[in-house]
1. Taking segment 111-129 as the search range and keeping residues that are under 15 Å from the mean Cα position of the chain (by Cα), surrounded by fewer than 16 Cβ atoms within 10 Å (Cβ to Cβ) and farther than 20 Å from residue 17 by Cβ, which one is modelled with the highest pLDDT?
2. Only residues that are closer than 20 Å to residue 110 by Cβ, assigned to a helix (DSSP H, G or I) and out of contact with any helix residue (DSSP H, G or I) (no Cβ under 7 Å at 6 or more places or on another chain): list them for segment 54-93, please.
3. If the requirement is being out of contact with any strand residue (DSSP E or B) (no Cβ under 9 Å at 6 or more places or on another chain) and under 22 Å from residue 13 (Cα atoms), which of these qualifies: 122, 96?
4. Within segment 26-33, is there a residue that is more than 16 Å from residue 105 (Cα to Cα), more than 13 Å from the chain's Cα centre (by Cα), crowded, with 20+ Cβ neighbours inside 10 Å and modelled with pLDDT of 95 or more?
5. Can you list residue pairs whose Cβ atoms sit under 6 Å apart, with the first residue in segment 7-20 being closer than 14 Å to residue 81 by Cβ and the second being assigned to a helix (DSSP H, G or I) and modelled with pLDDT of 90 or more? Count only pairs 6 or more apart in sequence or on different chains.
6. Limited to segment 77-98, what total is found for residues that are under 19 Å from residue 48 (Cα atoms) and either surrounded by fewer than 19 Cβ atoms within 10 Å (Cβ to Cβ) or over 9 Å from the mean Cα position of the chain (by Cα) (or both)?
7. Quick one: which residue in 126, 102 is out of contact with any helix residue (DSSP H, G or I) (no Cβ under 8 Å at 6 or more places or on another chain) and not in a loop (DSSP other than H, G, I, E, B)?
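The values are calculated or read from the model by the stated rules, or taken from the named source; none is laboratory data. Remember, it's a predicted structure, so these values are computed and weren't measured experimentally. Here Cβ is always computed from backbone atoms with ideal geometry, including for glycine, and neighbour counts include all displayed protein chains.
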């Protein structure tokens with residue numbers, strides 16, 4: 001029961017982080033937006049965003065699940081944050097970097113859709129649909 005309570009609390013907290021990110025993006029406060037993305041990746045996945053960005057696409061899921069031991073919840077959070085990092089790059093007209101992050105987010109979402117024990121969410125469905133047309 002304690003693990004379930006912890007996960008619920010973590011998801012609620014992460015939802016608040018995503019809301020703050022949305023506000024920062026809407027306000028155009030991109031330095032703070034990027035800082036919060038980086039901090040959140042560290043906090044929720046115990047890894048560095050730059051490390052995730054450096055992983056070859058064909059090795060992404062293996063490294064995240066086998067080496068980094070990320071669970072489904074952490075993978076979902078990471079995918080959401082990679083999506084937001086792509087949005088950051090897009091705003092900075094760094095289209096190649098944005099596409100790179102979108103691809104990683106898409107790969108993680110597809111993996112979760114096929115393999116995860118998470119409840120399939122409308123948010124994830126929407127992002128898979130949008131990303132399938134972009135990558």
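1. By that ranking, first place goes to 113.
2. 58, 59, 62, 63, 65, 66, 67
3. Just one listed residue meets the conditions, 122.
4. yes
5. 14/77; 17/40
6. Result for segment 77-98: 6.
7. Residue meeting the stated conditions: 126.
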